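The values are calculated or read from the model by the stated rules, or taken from the named source; none is laboratory data. What you see is a predicted model, and the numbers here were worked out from it, not measured in a lab. All Cβ positions, glycine included, derive from the backbone under ideal geometry; neighbour counts span all protein chains shown. For accessibility, only protein heavy atoms count, side chains too; no ligands or nucleic acids. Shrake-Rupley method; radii C 1.70, N 1.55, O 1.52, S 1.80 Å.
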Amino acid sequence: MSDEQTPPKKIALVTGASRGLGTAMAEALAEAGWHVMAVARTTGGLEDLDDRIQAKGGSASLAPMDITDKGAMQHLAASVGARWGGVQLWVHTAIFACQLTPAGHIDDEDMEKSITTNITATAHLIGLIEPLLKAGNGTAMFFDDDRAGQKFFGAYGATKAAQIALARSWQAENVKIGPRVIIERPAPMPTATRARFFPGEDRKVLVSPHDEAARIIAGLAL
């Protein structure tokens, strides 16, 4: 992780920060005065994000890590806790979206990676980040994508639905005690993942991830 000398006022942890809505959320939060802890596997994507954030006068710390690496995530959580005490916002956009295929032809490795990334890693992160959110009186944010049950979306739809079901359980459990858990359903955006799902789609009619990020942050009341 890169080093910052002055402890910032508000900390946002963004998992899946190197592309799509994740990078847009990270940029928008940094522009709004948050210090962003940006987590993703793609080092180059994180460095590009950091350049854009710094160009606008914002600040970020980069953590080029895989959320499925339990040891790395434990180290990250311990480091964040030791350095800042807690976080005020966790934005979870990291997802694995395998190729579309009929349910009877889903590749075993694709299914295993979908489960590991979308469900198991999310459950592990909730356990690690919950104490940080409680310490920071924070909010967790997840993003729904209603593909469950649609044709050819078997692996992605099932595991994304399970991820959101997990988030909803956490949300219900914490209504009175915190942390606050928010589940958003973003408008269709021209992301790389959506391009794989709908290759012939007219992308000009879709909402910019940066515009959607700005809308979501404006409604947070943080």
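Give me the count of lysine pairs in the range 11-219 whose alpha carbons sit under 15 angstrom apart, restricted to pairs 8 or more positions apart or on different chains. Show your work: numbers first, answer last.
Working: Lys70/Lys113; Lys113/Lys160; Lys134/Lys176; Lys151/Lys160.
Total qualifying Lys-Lys pairs in the range 11-219 comes to 4.
At a threshold of 8 angstrom on Cα-Cα distance, excluding pairs fewer than six apart, so keeping six or more, what relative contact order does the range 11-219 reach in percent?
Values: 370 pairs, mean separation 43.2, N = 209.
Relative CO of the range 11-219 lands at 21 percent.
What's the carbon and sulfur percent of the range 152-203's accessible surface, probe 1.4 angstrom, rounded to a whole number? It would help to have the intermediate numbers written out before the result.
Values: 1580 of 2720 Å².
Using a 1.4 Å probe with all protein chains present, the range 152-203 comes out at 58 percent carbon and sulfur.
Does anyone have the angle between helix 154-173 and the longest principal axis of the chain? Alpha-carbon axes, 0 to 90°, nearest 10?
Approximately 40 degrees, to the nearest 10.
Considering only protein heavy atoms, what per residue accessible area in square angstrom results for the chain with a 1.4 angstrom probe?
Numbers: 10670 Å² over 222 residues.
Per-residue accessible area for the chain comes out at 48 Å².
Hey, what's the Kirkwood Rh for the range 1-139 if you take every pair of different alpha carbons, in angstrom? Intermediate results must be reported in sequence, preceding the final value.
On the way: mean 1/r = 0.0648 Å⁻¹.
Across the range 1-139, the inverse of the average 1/r is 15.4 Å.
Report the full-extension gain for the segment Arg41 to Asp66: residue separation times 0.36 nm, less the Cα-Cα distance, to one decimal in nm. Intermediate values should be presented prior to the final figure.
Numbers: separation 25, 0.36 × 25 = 9.00 nm, distance 0.51 nm.
Residue separation times 0.36 nm, minus the Cα-Cα distance, leaves 8.5 nm.
Which percent, to the nearest 5, of DSSP beta bridges fully inside the range 11-219 are antiparallel?
Numbers: 0 of 24 bridges.
Expressed as a percentage, antiparallel bridges in the range 11-219 total about 0.
Taking the chain as a Gaussian network, where each spring joins two C-alpha atoms under 10 Å apart, which residue of Gln54, Gln74, Gln150 fluctuates the most?
Maximum among the listed residues: Gln150.
How much length would be gained if the chain were fully extended between Arg185 and Ala55, taking 0.36 nm per residue of separation minus their Cα-Cα distance, in nm to one decimal?
On the way: separation 130, 0.36 × 130 = 46.80 nm, distance 2.97 nm.
So the extension gain works out to 43.8 nm.
If you count, for each residue, the other Cβ atoms within 10 Å and average over each peptide, how do 75-82, 201-208, 154-161 line up from highest to lowest? Don't skip to the answer; put the middle values down first.
Values: 75-82: 16.2, 201-208: 11.1, 154-161: 22.6.
So the order, starting with the most tightly packed, is 154-161, 75-82, 201-208.
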